[in-house]
Structure formats: structure tokens, C-alpha cells
Amino acid sequence: MYAINPDRLDLVEEFKARPFGEHSPDLQYVLNLMRTKITNAFPLLIMTRPYEQWTLAWKSVGDLEPARRTNTTFDSIEAAEWHVFKLRWRELTGSDCPVD
Amino acid sequence: MTTILAYADRFTARPGETIAIKASVEGADTFDCHIMRLTGPEAGPLGPKTAHEPLTHPANGSYPARVQAIHAGSFAVVAPHPLLDRLSAVTVQAFIWATTPAKGRQAIAGCWSEPEGHGFLLGLDELGRLEGRVGDGTGGIVTVRLDTPVPERRWLLVALTVDPAAATLTVRQWPVAEPRFDPEVPREASAACTVSAKSTGLPFLLAAWSEGEDARLTAWRHTRTGGHFNGKIDRPRLANRALGAAGIRALAGDTIPPELVADTVGAWDFARDIPTEIVRDVSANRLGGVTVNLPARAMTGHNWTGEATAWPEKPEHYGAIHFHDDDLVDCVWEDDVIFEVPGDLSSGIFCARLTANEATFDVAFVVSPPVGQARAKVAFLASSATYTVYLNNRARFTSPMTHLYHGRMTVMDPVDELMFHHPAIGISTYDRHADGSGVCYASRHRPATNIRPSGRLWNFHCDLFILHWLETIGEPYDVITDDDLHTHGLDLLRNYSVVLTGTHPEYDSRDMLDALDGYLRIGGRFMYMGGNGFYWRIAYHPDRPGVIEVRRAEGGVRAWIAEPGEAHHSFTGEHGGLWRRQGRAPNALAGVGFISQGFDDCSYYRRMADADDPRAAFAFEGIPDTIIGDFGVLQGGAAGLEIDSADPKLGTPPHALILARSENHSNTYELVPEEVAIPHGALNAVQNEQVHADMVFFETPEGGAVWSSGSIAYAGSLSWNGYDNNVARLTTNVLKRFIDPASFAMP
């Protein structure tokens, strides 16, 4: 319960192929865990160039300080979601995401 | 780094009237202002090519920049008075319900100047312990405090007495009996005190202390305040002698005991004048005061039992005011730019774009024709109430839950970031106060990060898709607003052939709904261009334009939940919450009502059999397609974000035609909670067919008609492929037929 099976390569590929829209129940379970098991900071995006560039930022739960911008930028929101998916996979399974 | 914050004194103006724009600029000596007519959204490469129209006007130009302060935090105040100046022996007392006792020193009540150390104060110390403080203004300060913090969210009677004769300072607290088992006992502490409590010239403040005078206007006159208290205060009393425990408890009763009448300087009854900002003193002295920055009224008091759950039924149980250190109703900034609306300026949505160095800040406003004088056949009803209720929605960025229920990371831009660099600009009714209580008042008299032609495609910005469509098809239109609809009612609408809503007209007063209903009853034609409309009941402030109240009562998709007994608006006494719980579900007006929301992906509509009914032939003329709107700027489809469906049980007319129905929504689209009596796990769109948008049409008795898209995302599909698409064609077909004066016949 409340754990991600690191052997489910199929779910990783499903998310990479379609980060938005209908997901299988097992993938939705993984995403729900990734988006609720937040111990410190959670990710958000700052649109640093209108509709051209999104910068990854982190915000601590419950604080009202500005989000902490990183140097990681993306040219699409889909790419940003995939990057965060891999970060959270590593955080919650203890191993690197099997798909790059 | 340069930052600009600005707002206007009004959202709607008419030719000949003026709009005053107030700005605070950091990091620049000057700023520029350019007024322009907004013709569409700044929606990126997928959106329409928008070129706002610059307006030639004397208000354009360069202005000296300055920083203007924001004085947030609510309190109540009684102006300086000789009766206060004469106080030597003092008892000050109140019932309190502290919500953040650990946040640091806070004021409960007193005449106290913090910088001068002058006067007397009942408050909480750094550790949340009840503290009394007396100072003579020359450095002599005596304090006394209890040894344990006050409990959080628990009613207490608290008091400070200053007894010059006995040279003592005493604080006391008693728990108020409640049906719970928290261990609490009466507490008392005293200290020797030879310092005078004289407070010459100071106001009597509740929930704040004085921080001295300011050359500029502050939230109250020129007095700066600090030490704002978070929590409720009920029955504050002030006496001119040091009462003992029995006297304090007697003075805390329902009425002032005869033996204490002469000693009572002030007895403020917050259960009176609840809709107002008046604080009524029921003592013989009538030392009335005011609330500042709109603390929450109609709050359950120390004596609330649940016997009455509506404050108008038993106001004496609603004698509490809930103060917050982040309340803000008006920045009271000085004017910088005066825009006089030219007499020949046609109606539209405009904005003053303020720039300095790399910073930009837009202040949007509407120019409407004189009330009752339609200058076009079509009126676009700008959802000014909803824009206001969403103003500075900070919660979207402060919770990881946004990623969960949106199904995608939340996106902010540099203007959104201003809410965190300048938190004093205040929050929205989607937020909670710093103490966790829900925000029930929204004000436009402060900088808005959400009412602009850029940023998130939501509400105001999203509505500009509709304007761009009207501009593109060359259909003249007037722009009118919710605020004026509330004020002027049917007179605002009656001369228009067609009224179009925005994409998300979610918040409505009774007067607004009555006006729309009346418009349809005289043959009006109504195009509901969005989703989740006419959902929450609101109340407008009786005296302050642009200030709105929302109580998030029993049902609905809610950012917070009203506390028990606090579902009724303080401004009007009306029950708040969902209109569908008050016999006016959106379905009766628009044929559809809110059914689900999801933000990761949008879908399409499938044409239904009703589309082939001759009554609806005009809508689908030239559209042979089965699938409608499988494209769009907003997550790729016309059906999505927030969607509505038909339901005869909720008032969808029996003759309504369901022209098209959406399908294939994602897992994030869950059935709204008001549709779920027993949670069962099959609530999302993948498993629940109830989750869909319905596009409906129906006729009204006097030759009018209603057409509803039932989806916020719909407008984002209009401009797709250079407007060569079935959404634009269908919507234009409906508009043209609705403009045609030929009556619709009831089937």
C-alpha cells in the first residue's frame, strides 16, 4: 500500500507517451502518490518567457515565500512534467527511472 | 529590480466619467502609462493574433514613481475621547477565541501606543500568554502575564485591571463552558504597578495597537497600527475602575448590571449593525467606533449554541468579529493617473499598461454605455463579480494539491509572483487567512494579479477569446458588468437583442439572477458561453462598490468550508453557498449546471440527435460534422476545465434540446460533491457517464431563447485554424439567429 512498484516500466512508458488525459488506474495510482507524498517542497512552473520557456521552481508546503527558481528550463509543459515524474520516481522508489 | 503594483478606483466607467489609477513603483523614478482597448487574449502561438488598440489620450505618458504603503490587518477603533483620556483605574475585558496564539505579540484591546510605550493594553505575549501592559510614555512599562499560553480556538473571558489605589496590575482568564473536555481552569496573575495608565490622545483599539501617526492616509485616518490579533473578539468592555472577578463576570453578561452602569466607559455589541462597519457602544456614553479592513462579522460568538444557525434569527448569538492580520479592504493609495473617458469612446474592455524598466503591470477596466442606452445589439456581460472573487488567488500556488487535482503542475508568471513578494496586497476568497479561516470578503481596491490580458487563461483573460471572436466577425458589442447588473437590474439588459456571458460567470447575487431571468421573460436571447456559471451566491457590500462576500456553505467544490453557523452573509443576512441549494440551480436559467472539473486535458462534443431537430437547424447550418471542437487553445478541446450538464430535476426545461454532449474526459474530471450522496469510488469521467458537458438550446415564452456551451474551454476553440472551424461556425450561427428579431416559438 502507498508504494510504487519500481518494476512497472509499462506505467513509465504510459506516462511518457501521454502525460495528460486518461490514464490507466495503475498509472493514476502512481501519479496520486507522487502528487500527495510531499514531505518538503513541491514543484511548480514559472513561465519565464511567454509560451516559450517554463522554469522549474520549488515551493515549500505551507510557506508564503516566493517559489525558489531553479536553472532547469523547458520548452514545453509536457517536457517539464516528464522531468518531474522522473525526479519523483527516484525519490519514491529509491532508484532511477528506468526510462530516460 | 523594478516592480509595479497598481489598481483603479473603479472597474466600470461611462463616457465623461473618470478612472483614477493608483500606482506603487519600486526601483524606478518614473513609470509610463499607455491606455489601450483590449481586442483579445495574449494566448501564445496557439491563440489568436491579438493586437490591442492603443488609445490616443492625454493620460498616456510618463509619471513620477513613488512607493505607496499597504496597511493590512483588521481592527476596530474608537476615536480618541476625553472619557478615554481620563482613565486612571481601568478594566478592559472581552471574550476571545484566539486562532494563532503562538504567532507573537498581539493586541486584544486597549489604548496603547507601541512606539511610545504609552497607555494600557490587554494582549498576548510572544508565547501566546495573556498579558497586561501599562506604560507612561517615558520608559516606564509594567507587564503582567499568565504562565501558560491561551488555548487555540477556545472561548475565554479575559480581562486586565489597573488598580492605582492598590498599585496592582492584574490579568485574568476564565474558560467558557463548551461541550468538550479540554482541560482548562481559571487563571490569574498580578504585579505591582505604580506606572500610570493614562493614555491621553490615543484611540481605543480592538485587535491592534497604535504604531504612531503617518503623513499619508492609512487604513484608519493617519494612524498606523500593529500587533494585529488573529481570532474572534466578543463583548469588549471598558470600565473606569478596577473590577474584581465578580464584577468582570457581571460586566460580561447580556446586559450591563445597574451597579456597573456608571463605571462602564464602553460596552461594544458586535451583534448590532452586523451588515455595516459600525461598532455600537451600548453603554450610556455611546462611544461608537468602526471596523477597519473588513474583519469578518456575523461570526458565532462565545454564547452560540447551534440553536440558531442563521444570524438574523438570533443576532445576540453572533456577537463576535473575527479579525485577521491579513485583512485588507482598500489600499487607500493616492491617485497617479486620471483617465477621463472620452465622450465618443465606444464601449469595450480597456487597460492601462504601466511600465518601468523591465516591469509591466496592467490595470483593466470596462467602458460601458450609459445605463439603459444600448449602442449595439449585443452585450457582453463581463463577469466582474467572479473576477473580484478570484482576485489574487494565492492558494493555487501554495498547495501541492493543485498538481493533484489539476493533473498538471501549476504555472505562474512574474505577475503572479508579486503575490509572494508583496503579500500585503491580500488574498482571494479561494484562500484561507494566515490563521486558517476561510476568506469570505473580496475587494477590488487593491492591485489585482488576475484581471489582465496575460497570464493564466482563466476568467478575465479567457473571456478575451470571446471579444476577439466578436471583433473578428465584425459584430458590434457593448460591454456591461456584473456590478452594474446587480445595481441596475433588468434596465441594463432590456435594450439588447442578445446578452453573452463570459467563460466562467460563477458568482451571482439574487439581483443579478433576477435581472437575467427577467430579461428572458421579455424575450431576451441569452448565450451562456462558459462553464460553472451561476453557482455561488454572493452579496455585495451595502456601501463599498467592488466588495463582495462569499460564504462557502454546505456543498460545492470549495476552497474552504464555512464554520458551523456561519453560512449567512453578513452584508445581507442571506444564506450563502450554492444557488442550487436555494432553489435556483443554474439549470433553470441556462439549461445546464456544474457537473465536473478537470484541468489536465480537454475533450470534444459529439453531436446528438436533438441537433437534427428543425428547431435547432439554424445552429448547425453548414456543419455536417459529428465531432465538435476536438481542437483548441485550452488543453486541446472545446469541452473541459469546468463543465456543465443538463438535469431536468434541477430545472433544465423539458423542451430543452441537447445539441451535443462531450465524452472521453480524463481521470481528473470527478463528479461534483453535491451530486454524491454516498462516495462509491466510481466518480471520475473514465468510470462515470454522468461526467460530461451538454450543449443545450431552448426557447422562452416571449420569443426569446437560451443557448449554452456548458464548458469553460469552449471559447478557446473559437479562433482555431483562423476561425475556420465548427465551433466558430456554430457559435456565429447562434449569435446571428439570436440577433434576428424573428421570435422563437415555444414548442
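The values are calculated or read from the model by the stated rules, or taken from the named source; none is laboratory data. As the structure is a prediction and not an experimental result, all values here were calculated from the model. Counting neighbours? That spans all protein chains shown, and the Cβs are built from the backbone with ideal geometry, glycine included.
Here are the numbers for the structure shown:
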quantity	calculated
Strands (runs of 3 or more DSSP E) contained in the range B:107-156 and holding at least 3 residues closer than 14 Å to residue B:92 by Cβ	B:118-124, B:129-136
Residue in the range A:41-60 that is without any contact (Cβ under 8 Å) to a residue 60 or more places away in the chain, in a helix (DSSP H, G or I) and facing chain B (nearest Cβ under 7 Å) present	no
Strands (runs of 3 or more DSSP E) enclosed by the range B:1-100 - at least 1 residues per element that are in contact with a Leu (Cβ under 8 Å, 6 or more places away or on another chain) and of a type in the set (Phe, Trp, Tyr)	B:30-37, B:75-78, B:90-98
Subset of the range B:194-218 (residues that are in contact with a Ser or Thr (Cβ under 7 Å, 6 or more places away or on another chain) and free of Cβ contacts under 8 Å to residues at least 60 places away in the same chain)	B:213
Residue in the range B:634-653 that is without any contact (Cβ under 8 Å) to a residue 60 or more places away in the chain, under 20 Å from residue B:463 (Cα atoms) and assigned by TED's automatic domain parsing to the domain that holds residue B:506 present	yes
Some residue of the range B:594-603 being over 24 Å from residue B:508 (Cβ atoms), without any contact (Cβ under 8 Å) to a residue 60 or more places away in the chain and either within 14 Å of another protein chain (Cβ to nearest Cβ) or assigned to a loop (DSSP other than H, G, I, E, B) (or both)	no
Unique match (being within 14 Å of chain A (Cβ to nearest Cβ) and buried (at least 20 other Cβ atoms within 10 Å of the Cβ)) among B:629, B:710, B:636, B:681	B:636
Elements of type helices (runs of 4 or more DSSP H) contained in the range B:360-425, each with 3 or more residues being touching a residue at least 12 places away in the same chain (Cβ under 8 Å)	B:384-389, B:395-398, B:414-421
Any chance residue B:369 is out of contact with any helix residue (DSSP H, G or I) (no Cβ under 9 Å at 6 or more places or on another chain), surrounded by fewer than 21 Cβ atoms within 10 Å (Cβ to Cβ) and more than 14 Å from chain A (Cβ to nearest Cβ)	yes
Whichever residue in the range A:62-72 is at the interface with another protein chain (Cβ under 9 Å from one of its Cβ atoms) and either surrounded by 13 or more Cβ atoms within 10 Å (Cβ to Cβ) or in a strand (DSSP E or B) (or both) and, among such residues, is farthest from the chain's Cα centre (by Cα)	A:64
Count of residues meeting criterion [touching a residue at least 12 places away in the same chain (Cβ under 8 Å) and of a type in the set (Ser, Thr, Tyr)] in the range B:237-274	1
Residues located in the range A:11-40, provided they are closer than 21 Å to residue B:636 by Cα and either more than 8 Å from every other protein chain (Cβ to nearest Cβ) or not in a helix (DSSP H, G or I) (or both)	A:14, A:15, A:16, A:17, A:18, A:19, A:20, A:21, A:22, A:23, A:24
Every pair of residues 6+ apart whose Cβ atoms lie under 6 Å, when the first sits in the range B:219-236 and is part of a strand (DSSP E or B) while the second is charged (D, E, K, R)	B:224/B:211; B:224/B:214; B:225/B:211; B:226/B:114; B:226/B:211
Tabulated pairs, the range B:657-668, first more than 9 Å from chain A (Cβ to nearest Cβ), second surrounded by 24 or more Cβ atoms within 10 Å (Cβ to Cβ) and of a type in the set (Val, Ile, Thr), C-beta under 8 angstrom, 6+ apart or interchain	B:657/B:696; B:658/B:696; B:659/B:696; B:660/B:628; B:662/B:643
Residue list for the range A:61-82, filter: farther than 17 Å from residue B:400 by Cβ and either in contact (Cβ under 8 Å) with a residue 24 or more places away in the chain or among the acidic types (Asp, Glu) (or both)	A:73, A:74, A:75, A:77, A:78, A:82
Residue list for the range B:210-254, restricted to those being under 17 Å from residue B:107 (Cβ atoms) and of a type in the set (S, T, N, Q)	B:210, B:218, B:223, B:225, B:230
